[in-house]
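Quick one: structure below, then a few questions.
Here, each number is a calculation from the coordinates, and none is a lab measurement. In this text the structure is predicted, and so the values were computed from the model without any measurement. Reconstructed Cβ throughout: ideal geometry from the backbone, glycine too, with neighbour counts over all protein chains shown.
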Amino acid sequence: MIPEIGHYALMLALGLSLIQGTMPIIGARTNDPVLMSMAVPTALAHFVFVAIAFGALALSYLMSDFSVLNVFENSNSAMPFLYRLTSVWGNHEGSMMLWVSILAFFGATVAVFGGNLPVTLRAYALGVQAWIAAAFLLFILITSNPFLRIADAPLQGQDLNPILQDPGLAFHPPMLYLGYVGFSIVFSFAIAALLEGRIDPAWARWVRPWILGAWMCLTLGIAGGSYWAYYELGWGGFWFWDPVENASLMPWLAGTALLHSAVVMEKRSALKVWTILLAILTFSLSLIGTFLVRSGVLTSVHAFATDPRRGIFILAILVIFIGGALALYAWRAPLLKQGGLFAPISREGALVFNNLFLTSACATVIVGTLYPLALESLTGDKISVGPPFFNATFGPLFILLMLVMPFGPLLGWKRGDILAAAQRLLTAALLSAVAIAAAFALERGGPVLAPFGVGIAVFVMMGAVTDIAERTMIMRIPPGAALRRAIGLPRSAWGTAFAHFGIGVTLLGIIGVTAWGSERIAEVKPGDNIELAHYRVTFDGVFSRPGPNYNDVVGRFTVHRSGELIGTMEPTRRSFPARNESTTEAALMSRGASQLYLSLGDPNPDGSVPVRLYYKPHVLMIWLGALFMFFGGGLSLSDRRLRVGAPRPAKGRFAAAAQPAE
Amino acid sequence: MTRKQRRLVLIGGGLGVLAVAVALMLNAFRDSIVFFNSPSDVAEKHVSPGTRIRLGGLVKDGSVVRSDNMTIRFEVTDGKSEIPVSYQGVLPDLFREGQGVVAEGALDRGGVFDADTILAKHDEKYMPKEVADALKKSGHWQDDYAQRPAVPVGQNK
């Protein structure tokens, strides 16, 4: 009964989205307030029905209802509660359900919090959002229905893919989807602006909370996925330049550019046409990501199943939405009025620089990700484009961007003084020189350029500190007055500083671990030692330990540093009888921001065990930096200007706005 | 500066950055691309020793030999040709005889493929897509490679 309710709710949601996609748009075109006012209740009802469908699927999983094919294929009643819940989205059908749920959720946020939006803009935006929802609901109902039944229900399910049986699955996909589906609403706002044929700085202010929210979730989702891959795959890598990872990085880069260009639009009424284009491109990249991951053109842990019909369906959605949006843009954008003037050396100029580099870096990732697919379909040659390509293209662009980043916030709007900014950054530059010298003196080995990388990271971090120090005048006025200034600073200024600081922290982590990390691979017998970077790891033996739906073979190791006992590590081989598969559960020991990483191979017949031991200096900084960025985004989101400052349109203005401006 | 000059500076800057990005990409494409080959491809195309390639196929049954220093030797086959592979290190969780594998490395002068990476990537059928395609091409694809754990037949609603 429960799956049928879910199925039915899904169809009702489709019907509602069709109403939501037509009536408010007709209303906005004909200036009919009744039709336009249908947008809010239908968006809310749509969300409720999608939530019911999602809830029904989740309930089927929690009750281990194996008469549902999807549950049978991906769950097992022996799994702990958390994994029975998370396996809802640990498969193709369920993850698409999560996709449309989040899409509906963002539509609902516009319905609930969009009270200060102009009525026509809200009607258009919710209408466009409904079209996206309708397309994906059709996709689910036609090609990926999660509610199919099996007549004779099996007694036990086939279990979830073991790699996915990890708390990371509870966090990573929902967060990532909140990010990349979150940009759908920004896309809808952009299309709404084009349909209205009118765009002003207020648009950027209205859309900013959604850009920020989506960007924050995407940042955390990518970082979470990276940490998960790091500890779960047993190789200790934090980023593989795998096409699926790139699929989430591309919208992040475009979204970061959008975040910055929207500031220019809001403050200076410039870059309007460009900002609209970025909003369209960001969500287009999210759609391309969905296509890459869900269509089966790639093989990876993320491609749950391959069915050619699905690929073609998503491709059609992709072509219709991206093609339609860009065509509309080409038609309407020339009608939008150009905005304010600014000198090349200015805050705007710096943000344009940021946009150029972020979009170029994004383009290199797109080329590296799609070129192998294009080449294969054209010539049949199969190639792989791996880390060397991205390090040689993405790397230099990003380093240049980092070098210029600290200057941006110190330049004035309209016309900036680069010399004055450079003077203010003198302290940061000196500290970075000290860091370079220290890195040369303290670290042995590693690439010659690595200390300079440390220098850039420190420069970025200190640049963010300089920005706050300048704004509070901490060096020039008494501490009490500076503190009052600090409290009085707009939260968005703090947000910028935190996010920029976070980029520096992440860069420091990446450089630390890639330049000075070390590893040992060895076969050990009980009593053997492995020495690595001041640490001595002694193998004590293996024992087995049963779990709910798996069996562990645990290796026990004691760790000494400079002769002093600092703890034990227990890397594990976990085998899952239901699928006859096994996974590696690495053991991690944190020492400050650095980690020891130990993973176990299959024990040999003679009792020896192959192990991989890594020393990962400063590795935790990579994800700590992402937390800084998330926190900075949150501060910026809580800025009161975003809520109070957005003026309610006056009656007269509303009447003018409601005219289709053609 | 006039509006026109400012716009020119912007457009010039944009084109400049784009040119740099394109130059970086072309340069990277020259040295960092790795082609995928099946054992038959290697035999037909006469891949020269030292060229980095990806080699994909099935791990031949009974060919895995483990020796000291964690060195593993096995043969990769696509049903037509076989190539001996040597690898030092810990194998990924899903490495098995009779299953698909992708190894990255280069041939040495003796015709042994010296792999530095054995890819752990796989889909739920244990068959990397490249390997499946290569097997289909060489006519050695068997449907049971792709068989999912059996769902009771004909009982889908």
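Name the shape class, rounded, prolate or oblate, that the alpha-carbon gyration tensor gives for the protein assembly as shown, where a ≥ b ≥ c are the square roots of its eigenvalues, rounded holds for a/c under 1.5, and otherwise prolate holds if a/b is larger than b/c and oblate otherwise.
Working: a/c = 1.73, a/b = 1.25, b/c = 1.38.
Oblate.
Let me ask another. Within the P(r) computed for the stretch A:1-161, what percentage of the Cα pairs occupies the region above 23 Å?
More than 23 Å apart: 41 percent of the Cα pairs in the stretch A:1-161.
Which aspartates and glutamates does A:Lys414 reach when only Cα atoms under 15 Å apart count, and residues fewer than 8 places away in its own chain are ignored?
Qualifying aspartates and glutamates at Cα under 15 Å: A:Glu266, A:Glu348.
How far is the Cα center of the stretch A:527-604 from the Cα center of the stretch B:1-19, in Å?
The stretch A:527-604 and the stretch B:1-19 have Cα centres separated by 57 Å.
What are the DSSP H helices in chain A that stretch 27 Å or more along their long axis, judged by alpha-carbon atoms, and whose average Kyte-Doolittle hydropathy comes to at least 0.0?
On the way: long enough: A:2-30 (42 Å, 0.96); A:39-62 (34 Å, 1.89); A:92-113 (31 Å, 1.44); A:119-143 (36 Å, 1.81); A:168-196 (42 Å, 1.43); A:201-232 (45 Å, 0.34); A:243-268 (37 Å, 0.38); A:272-294 (33 Å, 1.68); A:347-379 (46 Å, 0.98); A:450-472 (33 Å, 1.16); A:491-516 (37 Å, 1.07).
Helices passing the filter in chain A: A:2-30, A:39-62, A:92-113, A:119-143, A:168-196, A:201-232, A:243-268, A:272-294, A:347-379, A:450-472, A:491-516.
Non-local amide H neighbours of A:Ile566 (under 5 Å, H modeled in plane, Pro and chain starts lacking H): which ones?
Residues meeting the amide H criterion: A:Val559, A:His560, A:Arg561.
What FRET efficiency comes out for the pair A:Trp413/A:Ala51, r = Cβ-Cβ distance, R0 = 56 Å, nearest 0.05? All intermediate terms of the calculation are to be shown ahead of the outcome.
Values: r = 44 Å, r/R0 = 0.78.
The formula returns an efficiency of 0.80 here.
Roughly how far apart, in whole Å, are the Cα centres of the stretch B:44-93 and the stretch A:243-270?
Here the two parts' Cα centres lie 44 Å apart.
Might you report the magnitude of the Cβ-based charge dipole of chain A about its Cα centre, with Lys and Arg at +1 and Asp and Glu at -1, to the nearest 20 debye?
Around 2740 debye, computed over chain A.
Work out the charge dipole of the stretch A:1-161 with +1 on the Cβ of Lys and Arg and -1 on the Cβ of Asp and Glu about the Cα centre, then indicate which of A:Asn70, A:Ser101, A:Pro24 is farthest towards its positive end.
The Cα lying farthest towards the positive end belongs to A:Pro24.
So if we plug the beta-carbon distance of B:Asp61 and A:Ala441 into 1/(1 + (r/R0)^6) with R0 = 60 Å, what FRET efficiency do we get, rounded to 0.05? Walk me through the numbers on the way to the answer.
Values: r = 56 Å, r/R0 = 0.93.
Efficiency for this residue pair is about 0.60.
Related question: Can you work out the FRET efficiency for the pair A:Glu376 and A:Ala330, with r the C-beta to C-beta distance and R0 = 35 Å, to the nearest 0.05?
It comes to 0.70.
Which whole-angstrom value gives the distance between the alpha carbon centres of the stretch A:129-153 and the stretch A:26-87?
Each part's Cα centre sits 11 Å from the other's.
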